[in-house]
1. Taking the Cα atoms of the range 7-115 alone, what are Rg (to one decimal) and Dmax (as a whole number) in Å?
2. Fully extended, how many nm does the chain gain between A41 and Q108 (0.36 nm per residue separation, minus their Cα-Cα distance)?
3. Given Q164, V152, L14, which one lies farthest toward the positive end of the charge dipole of the chain, if we put +1 on the Cβ of every Lys and Arg and -1 on the Cβ of every Asp and Glu?
4. Viscosity 0.890 mPa s, temperature 25 °C: Stokes-Einstein D of the range 135-205 from its Kirkwood Cα radius, in µm² per second?
5. Pop out the carbon and sulfur fraction of the accessible area of the range 76-192 as a percent, whole number, probe 1.4 Å.
6. Longest segment of the chain with no GluC sites (Glu not before Pro) in a DSSP loop having at most 15 other Cβ atoms within 10 Å?
7. Determine the share of the range 19-62's accessible area contributed by carbon and sulfur atoms, expressed in whole percent, with a 1.4 angstrom probe.
8. Please determine, in degrees from 0 to 90 and to the nearest 10, the orientation of helix 55-68 with respect to the longest principal axis defined by the Cα atoms of the chain, where the helix direction is its Cα long axis.
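The values are calculated or read from the model by the stated rules, or taken from the named source; none is laboratory data. Everything quoted here is computed from the prediction, not taken from an experiment. Cβ coordinates were reconstructed from backbone atoms using ideal geometry, including for glycine residues, and neighbour counts include every protein chain displayed. Surface areas here come from the heavy atoms of the whole protein model, side chains and all, with no ligands, DNA or RNA. Shrake-Rupley method; radii C 1.70, N 1.55, O 1.52, S 1.80 Å.
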Amino acid sequence: MNLSRLKQAEKAFLERYPGGFENPEIVARRVKKHKPDQMIALAQESFSRGKFERPELIVQNMIKVISRSSIISIFEKPRFRDFATALSFQDREFLSRGLEQFLHGNRQTGFEMTLDLLRSEKLAKWSSLTVCPTYFHPQHEVFIKPTTVKGVIKCFALENLHYQPTPSWDFYESYRLAFQEMKSKVDPSLSPTNPAFSGFLWMTVRGEILPNI
């Protein structure tokens, strides 16, 4: 990891936005565009343990969360909705069990169950796989946005990480651990949640924080 560059970005961000993600300008931008608190509350209510007794409700709630998310492409939202709506009863149970494992059980098993079903319909997208877990566990899971992740790997020289468009558990967990390590190296005001820290990284790799990278 290029720790020097990370610290440069941290310094530049805090100089521009004192207080980090509590800065009024940042708060206004986040609330207006992303509604993070509402999305986290929606996911945590929608995917609480007891809800998984009704697989059809879980699938409906997945559609709701993905449809309302500002970090999901407008092209992906209707594709996921149509896919989920057309699922057979058995596939809805399978999708629900996969998400339940990811959120409340064996994370790798849940990830791979969900991946298998999405892959069967050529809908295996990083964003669809990681958005619900990220809202549900905003301090632990990580949203994978391909352009941002590729930029982070390059900008901060994350070793032994090679982005692949086809989702895999190995890459997800390796990137998540690298992400958490980076998060631990900066001021807590930059990482009230993992989605917020992702926002800081996104602003950095697109040149908004360090224009000369």
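1. Both quantities, over Cα of the range 7-115: 17.6, 53 Å.
2. That works out to 21.7 nm of additional length.
3. Toward the positive end, the furthest listed residue is L14.
4. 200 µm²/s
5. Whole-percent figure for carbon plus sulfur exposure: 49.
6. After excluding every exposed loop site, the longest remaining stretch is 1-120.
7. Heavy-atom surface of the range 19-62 belonging to carbon and sulfur, 1.4 Å probe: 53 percent.
8. Between the helix axis and the principal axis of the chain, the angle is about 30 degrees.
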